[in-house]
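*Asks:* The structure is given below, and queries will be raised subsequently.
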Amino acid sequence: MTLRRILTVDNAADLAVLKRISTPVEGGVTDEHRALMDDMLETMYAAPGIGLAAVQVGVDQRIIVMDLGDRDVAPLSVNDDTAEGEAEIAQRNPRYFVNPEITWKSEELFTYEEGCLSVPEIFDAVERPARVKLRYLNYQGQPVEEEASGMYAVCIQHEMDHLEGVLFIDHLSRLKRDRAISKVKKAARAA
Ligand code: NI
């Protein structure tokens with residue numbers, strides 16, 4: 001397994017890749033896709049984070065990995081401090097998604113303080129449907145249909161946004177978004 005470099009918004013070339021719309025995986029899940037997912041998971045654990053889309057390591061295919069540890073179905077509050085990017089995983093519970101599609105969204109909304117490995121050290125509140133139904137292919141390439149709530153619902157919607165070239169800061173006001181990017185740039189220059 002290889003750790004991949006995570007693209008970040010402070011770099012113009014990286015940002016251009018992060019803005020791409022990822023393409024569907026054709027012809028099923030192969031060993032090549034599984035090797036990519038293994039790399040992505042290790043990269044995500046090392047960061048550490050709880051979700052990663054392939055485009056964040058520069059591969060614009062509709063592939064996501066996630067590990068919510070034991071917080072999978074736990075009830076959430078907006079003040080929960082376990083946002084992406086500062087996750088500590090007590091118990092590994094990896095999930096793999098190829099060609100995920102959301103088939104239903106609840107009218108009920110939920111606001112959560114999100115973060116992103118491509119926007120390091122920035123956290124802000126994003127409102128999304130509280131529950132979604134989705135279908136995808138798993139690591140073995142088998143079709144799965146599920147309903148997601150809690151942290152799972154937040155995370156899968158955040159990661160699926162990446163497949164459309166959308167970052168969580170794109171859900172914020174333009175002012176907040178610009179301020180987030182300049183903060184990340186400033187931190188990168190200081191490092
Ligand atoms: Ni993200």
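*Asks:* So D60 ticks every box in (1) over 28 Å from R34 (Cβ atoms); (2) at pLDDT 65 or above but one. Which box is left unticked?
*Replies:* (1)
*Asks:* Tell me which residues, restricted to the range 156-169, are out of contact with any Ser or Thr (no Cβ under 9 Å at 6 or more places or on another chain), buried (at least 21 other Cβ atoms within 10 Å of the Cβ) and either assigned to a loop (DSSP other than H, G, I, E, B) or aromatic (F, W, Y) (or both).
*Replies:* Across the range 156-169, the qualifying residue is only F168.
*Asks:* Where residues in the range 1-14 are closer than 12 Å to G58 by Cβ and aliphatic (A, V, I, L, M), which of them is surrounded by the fewest Cβ atoms within 10 Å (Cβ to Cβ)? Steps first, please.
*Replies:* Restricting attention to the range 1-14, the residues satisfying the condition of being closer than 12 Å to G58 by Cβ are 4-8, 11, 13-14.
Next cut, aliphatic (A, V, I, L, M) only: 6-7, 13.
Values: I6: 20, L7: 19, A13: 9.
Top of the filtered list is A13.
*Asks:* Which of (1) away from the ligand (no atom under 16 Å from the Cβ); (2) buried (at least 17 other Cβ atoms within 10 Å of the Cβ); (3) farther than 14 Å from D161 by Cβ is the odd one out, the single condition F123 does not satisfy?
*Replies:* Unmet for F123, out of (1) away from the ligand (no atom under 16 Å from the Cβ); (2) buried (at least 17 other Cβ atoms within 10 Å of the Cβ); (3) farther than 14 Å from D161 by Cβ: (1).
*Asks:* Just one of the numbered conditions (1) out of contact with any Pro (no Cβ under 8 Å at 6 or more places or on another chain); (2) more than 30 Å from A13 (Cα to Cα) is not true of C116; which one?
*Replies:* (2)
*Asks:* Could you please give the count of residues in the range 48-65 that are touching a residue at least 60 places away in the same chain (Cβ under 8 Å) and either more than 15 Å from D14 (Cβ to Cβ) or charged (D, E, K, R) (or both)?
*Replies:* Within the range 48-65, the subset touching a residue at least 60 places away in the same chain (Cβ under 8 Å) is 49-53, 55-56, 62, 64.
From the residues that got through so far, the ones that are either more than 15 Å from D14 (Cβ to Cβ) or charged (D, E, K, R) (or both) too are 49-51, 62, 64.
Looking only at that region, the number is 5.
*Asks:* When you scan the range 99-109, how many residues do you find that are free of Cβ contacts under 8 Å to residues at least 60 places away in the same chain and either in contact with a helix residue (DSSP H, G or I) (Cβ under 7 Å, 6 or more places away or on another chain) or exposed (fewer than 15 other Cβ atoms within 10 Å of the Cβ) (or both)? Spell out how you get there, then give the answer.
*Replies:* Initial filter on the range 99-109 (free of Cβ contacts under 8 Å to residues at least 60 places away in the same chain): 101-109.
Cutting the leftovers down to either in contact with a helix residue (DSSP H, G or I) (Cβ under 7 Å, 6 or more places away or on another chain) or exposed (fewer than 15 other Cβ atoms within 10 Å of the Cβ) (or both) gives us 101-104, 107-109.
Number of matching residues: 7.
Listed here are the residues, each with its yes/no results for (1) within 16 Å of the ligand (Cβ to nearest atom); (2) among the charged types (D, E, K, R).
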residue	(1), (2)
L134	no, no
L137	no, no
E147	no, yes
C155	yes, no
D161	yes, yes
S173	no, no
A180	yes, no
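*Asks:* Quick one: what pairs do we get from the range 12-41, first residue under 14 Å from M1 (Cβ atoms) and without any contact (Cβ under 8 Å) to a residue 40 or more places away in the chain, second crowded, with 19+ Cβ neighbours inside 10 Å and among the charged types (D, E, K, R), C-beta under 9 Å, 6+ apart or different chains?
*Replies:* L36/R4; D39/R4; M40/R4
Per-residue answers, yes or no, for (1) within 22 Å of T43 (Cβ to Cβ); (2) buried (at least 18 other Cβ atoms within 10 Å of the Cβ); (3) modelled with pLDDT of 95 or more:
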residue: R92; (1), (2), (3): yes, no, no
residue: F97; (1), (2), (3): yes, yes, yes
residue: S118; (1), (2), (3): yes, yes, yes
residue: V132; (1), (2), (3): no, yes, yes
residue: R135; (1), (2), (3): no, no, yes
residue: G141; (1), (2), (3): yes, no, yes
residue: V154; (1), (2), (3): yes, yes, yes
residue: H171; (1), (2), (3): no, no, yes
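The values are calculated or read from the model by the stated rules, or taken from the named source; none is laboratory data. None of these values were measured; they are calculated from a predicted model. No Cβ is skipped: glycine too gets one built from the backbone with ideal geometry, and neighbour counts run over all protein chains shown.
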